[in-house]
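What follows is a single structure, written as structure tokens, with notes after it.
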Amino acid sequence: MKKLVYTILIFTTIMAISCKNQNKSSQTEENLTEFKILDENIEETIQKIKEKNTDKERFRIEKGVKQVASLWQQKDGDLTDFTNFCIDNFIADSTDLKIAFDKLERNFEILFGHYNKISLKLMEPLHLDMGEISFIDNVMGAYSPQAHLIEDLFENKLAFFVALNFPAYSLTEKTENAEKWSRLEWAYARMGDLFISRVPAGLLQKEAEVLTNADTYIADYNIYMENLVNSEQKTFFPKDMKLITHWGLRDELKSNYQANNGLEKQIIIYNVMLRIINQDIPIEVINKNDFTWDPIANKIYKDGKETSFTKENYTRYEHLLYVFKALSAMDKYNPVYPSYIERAYDQEMEISRKEIEELFVNFISSPEIKDLAKLIEKRLNRSLEPFDIWYDGFKARTNINEEELDQITRRKYPNTSAFEKDIARILVDLGWNRDKANYIANKISVDASRGAGHAWGAQMKGDQAHLRTRIGNKGMDYKAYNIAIHELGHNVEQTISLYDMDYYMLTGVPNTAFTEACAFLFQSKDLKLLGKESHNKNQETEALAALDNCWSAFEIMGVSLLDMYVWQWMYENPDANPQELKEAVVNLAIDVWNKYYYPVMGVKDSPILAIYSHSITSPLYLANYPAGHLIEFQIEQYLNDKNFAEEFTRVLLQGKITPQAWMKGAVGSEISGQTTLEAVRKALVIIK
Ligand SMILES: [Zn+2]
């Protein structure tokens with residue numbers, strides 16, 4: 001389910017940079033504060049270029065020169081060098097500009113594509129099951145070969161050339177121009193986004209390092225379920241069940257709605273989660289198989305005898321703090337988006353933090369959610385527990401025996417290559433013709449992963465996208481299959497939007513919410529692709545799907561709001577220690593819960609929204625999921641009576657324009673929770 005952030009944004013990828021020489025970065029910092037091109041010099045340069053050109057170019061000249069000035073440092077040359085560079089390199093003629101654009105695109109694809117491939121290969125020992133992770137694997141996995149690329153492009157002045165000729169537009173400007181721009185103008189605008197900040201290499205290296213460390217911490221955070229007991233020392237989980245936080249734990253919790261002793265198992269898992277959030281979990285049970293553990297009483301046992309243990313305390317929050325420090329250290333080098341919060345929302349998602357907050361708060365406070373909760377309570381025949389935010393009873397598959405599904409998927413997919421070979425068939429089932437299905441399938445390779453799985457796209461034509469999936473020694477179980485189909489959705493999107501796009505600069509989708517929407521569209525068809533679901537959707541399955549979509553959005557919107565508030569808190573308390581951060585996260589989680597979830601669930605004071613691993617490894621990424629849920633639902637409703645493959649391809653070929661423009665082009669309206677809530681109102685009449 002986890003989507004690696006750096007597979008999406010070409011430029012962020014390239015910015016994950018390494019520099020061994022810390023002195024060099026502090027030197028750069030000094031230069032930046034000492035040296036500034038004054039407004040009068042900028043004005044003078046603009047005038048000189050204007051004299052040589054028509055008034056038509058006024059806007060580009062002003063924007064370009066100002067942008068070059070904001071990036072220019074002392075080591076780039078003196079004032080005369082700056083002025084001459086701008087005069088000599090400004091391109092007024094549109095044919096010449098297009099020639100320059102084509103050449104730049106070609107070069108960027110070569111650079112981004114190959115660096116992406118090198119990173120992917122270096123990280124293989126961390127991502128794939130290639131034996132014990134060694135010092136070398138960790139060091140080389142955290143190392144970024146593209147370390148000096150950006151600085152090199154400033155040094156050879158290519159970055160300035162781009163900044164001068166391809167203006168950077170703000171989110172507001174892009175929104176205003178969205179309907180007017182041609183495809184080429186959109187591509188020019190994306191070119192203009194490339195050089196809007198100049199962060200010292202040392203800081204970029206630090207970012208890569210802390211994120212890789214956080215990732216490794218979570219990837220190795222497994223719970224041996226057979227060791228979990230209740231107060232009577234009774235075990236409930238099968239041998240060899242080893243679950244990763246939080247994906248594995250959550251999915252097991254979900255799958256127990258219809259199992260024997262289901263509620264008791266869910267309560268045990270919920271308590272494991274609380275121990276992780278509160279960090280009073282014994283370190284003796286993290287990724288270790290030596291002790292029996294009663295997570296409710298928080299006692300551990302060796303050979304039936306209670307023994308003492310050490311609490312983890314706050315390693316989880318230490319990682320979050322390192323991530324915050326590394327990312328906020330870059331603020332002063334980002335004049336356009338001077339906080340990570342703005343960079344995550346306004347710059348990366350291209351939807352402002354305020355817009356996201358309003359969208360989510362309105363949705364989770366809507367009366368339909370309370371009606372839905374009442375229905376769940378009725379179906380469960382008990383009062384709701386906090387973990388019922390993961391209620392799974394609206395899925396068609398809960399009517400089907402999961403063991404039977406495990407048998408089917410294990411038989412079908414004993415190893416990764418069996419899944420890889422089946423991709424073309426899956427695509428044909430989804431409506432692609434045989435040739436196109438083979439064309440796409442040939443560009444996706446399937447690897448056995450250490451973690452829960454992810455999709456890593458190519459960034460140049462000629463390269464493969466990678467689907468990482470966890471396959472046990474008995475073959476792929478249904479849970480892994482379900483995730484693999486989700487990841488396949490990512491890979492197909494990555495492949496079409498790279499290989500079939502008109503301009504390389506427009507490769508991809510507006511933001512990761514759209515990638516997730518594509519992945520969820522695939523995931524929702526997993527049973528159908530196994531031949532286990534009727535091809536004619538009836539009214540009831542559609543109603544169930546609407547309720548399921550709404551409840552998932554409700555769950556994860558709270559987690560995303562928490563993420564947002566935690567980051568705000570860190571910005572307000574930049575000197576907090578890990579213990580203070582832990583307390584803040586728990587308090588904020590309870591605040592969000594009591595404000596929006598208590599009125600729906602009827603239970604107070606649960607910190608459960610703080611369990612997500614993304615909050616530690618993928619800062620402020622989570623909002624993409626619920627936004628994705630809404631987008632997915634809007635697209636799904638739209639695709640309902642159309643050819644899936646054809647329309648899926650059509651909407652993808654819009655490429656990386658702004659989110660709202662993409663949605664208008666795709667389904668005819670902007671992103672909204674209303675489609676989901678309307679469907680819920682209708683569904684609540686059908687499902688009782
Ligand atoms: Zn995903």
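The values are calculated or read from the model by the stated rules, or taken from the named source; none is laboratory data. Because the structure is a prediction, the values reported are computed rather than measured. With ideal geometry, Cβ positions are generated from the backbone for all residues, glycine too; neighbour counts draw on all protein chains shown. These accessible areas exclude ligands, DNA and RNA; they are computed on the full protein's heavy atoms, side chains included. Shrake-Rupley method; radii C 1.70, N 1.55, O 1.52, S 1.80 Å.
Details
- Residues that are within 17 Å of W186 (Cα to Cα) and in contact with a helix residue (DSSP H, G or I) (Cβ under 8 Å, 6 or more places away or on another chain) were ranked within the range 57-105; the one that is surrounded by the fewest Cβ atoms within 10 Å (Cβ to Cβ) is K98.
- I356 vs. criteria open to solvent by less than 10 Å² (accessible area, probe 1.4 Å) and under 20 Å from the mean Cα position of the chain (by Cα): yes
- Residue that is nearest to I244 (Cα to Cα) [pool: residues in the range 284-303 that are outside any loop (DSSP other than H, G, I, E, B) and not acidic (D, E)]: V285
- Inside the range 431-446, residues that are surrounded by fewer than 22 Cβ atoms within 10 Å (Cβ to Cβ) and in a strand (DSSP E or B) make up a count of 1.
- Residue that is surrounded by the fewest Cβ atoms within 10 Å (Cβ to Cβ), among those in the range 447-467 that are more than 16 Å from the ligand (Cβ to nearest atom) and either among the β-branched types (V, I, T) or in a loop (DSSP other than H, G, I, E, B) (or both): G462
- Filter result for the condition that a residue is in a helix (DSSP H, G or I), open to solvent by 10 Å² or more (accessible area, probe 1.4 Å) and β-branched (V, I, T), over I423, I376, I389, I408: I408
- Residue check, D251 within 22 Å of the chain's Cα centre (by Cα) and over 22 Å from E312 (Cα atoms): yes
- Subset tally (residues that are among the acidic types (D, E), over 18 Å from the mean Cα position of the chain (by Cα) and open to solvent by less than 10 Å² (accessible area, probe 1.4 Å)) for the range 468-493: 0
- Among the residues of the range 106-137, those that are among the β-branched types (V, I, T) and either surrounded by fewer than 12 Cβ atoms within 10 Å (Cβ to Cβ) or under 23 Å from G508 (Cβ atoms) (or both) comprise I110, I118, I136.
- Annotation: V162 fulfils all but one of (1) part of a helix (DSSP H, G or I); (2) at pLDDT below 95; the unmet one is (2).
- Breaking point among (1) within 16 Å of the ligand (Cβ to nearest atom); (2) modelled with pLDDT of 95 or more; (3) outside any helix (DSSP H, G or I), for M501: (1)
- Inter-residue pairs, beta-carbon under 9 Å, first within 18 Å of Q523 (Cα to Cα) and free of Cβ contacts under 8 Å to residues at least 24 places away in the same chain and in the range 451-474, second aliphatic (A, V, I, L, M) and part of a loop (DSSP other than H, G, I, E, B), 6+ apart: R470/A452; R470/M476
Residues checked against (1) open to solvent by 20 Å² or more (accessible area, probe 1.4 Å); (2) touching an Asp or Glu at 6+ places or on another chain (Cβ under 7 Å):
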{"residue": "M505", "(1), (2)": "no, yes"}
{"residue": "F514", "(1), (2)": "no, no"}
{"residue": "L544", "(1), (2)": "no, no"}
{"residue": "D548", "(1), (2)": "yes, no"}
{"residue": "W551", "(1), (2)": "no, no"}
{"residue": "I556", "(1), (2)": "no, no"}
{"residue": "V566", "(1), (2)": "no, no"}
{"residue": "N577", "(1), (2)": "yes, no"}
{"residue": "E583", "(1), (2)": "yes, no"}
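- Residue within the range 316-327 that is assigned to a loop (DSSP other than H, G, I, E, B), open to solvent by 30 Å² or more (accessible area, probe 1.4 Å) and in contact (Cβ under 8 Å) with a residue 60 or more places away in the chain present: no
Per-residue answers, yes or no, for (1) open to solvent by less than 10 Å² (accessible area, probe 1.4 Å); (2) more than 24 Å from the chain's Cα centre (by Cα); (3) under 22 Å from H490 (Cβ atoms):
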| site | (1), (2), (3) |
| --- | --- |
| E580 | no, yes, no |
| D605 | no, yes, no |
| I616 | yes, no, yes |
| A623 | yes, no, yes |
| D641 | no, yes, no |
| R650 | no, no, yes |
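- Of the residues making up the range 630-688, those that are in a helix (DSSP H, G or I), at pLDDT below 90 and hydrophobic (A, V, I, L, M, F, W, C) number 5.
- Of the listed requirements (1) over 26 Å from K174 (Cα atoms); (2) surrounded by fewer than 23 Cβ atoms within 10 Å (Cβ to Cβ); (3) more than 13 Å from the ligand (Cβ to nearest atom), I496 misses just one: (1).
- Residue in the range 271-278 that is free of Cβ contacts under 8 Å to residues at least 24 places away in the same chain, part of a loop (DSSP other than H, G, I, E, B) and of a type in the set (D, E, K, R) present: no
- Checklist (1) surrounded by fewer than 20 Cβ atoms within 10 Å (Cβ to Cβ); (2) assigned by TED's automatic domain parsing to the domain that holds E252 applied to E185, failing item: (2)
- Within the range 652-665, being farther than 14 Å from N177 by Cα, open to solvent by less than 10 Å² (accessible area, probe 1.4 Å) and not aliphatic (A, V, I, L, M) holds for one residue alone: G655.
- Lone unmet requirement of (1) within 30 Å of D78 (Cα to Cα); (2) surrounded by 18 or more Cβ atoms within 10 Å (Cβ to Cβ) for Y221: (1)
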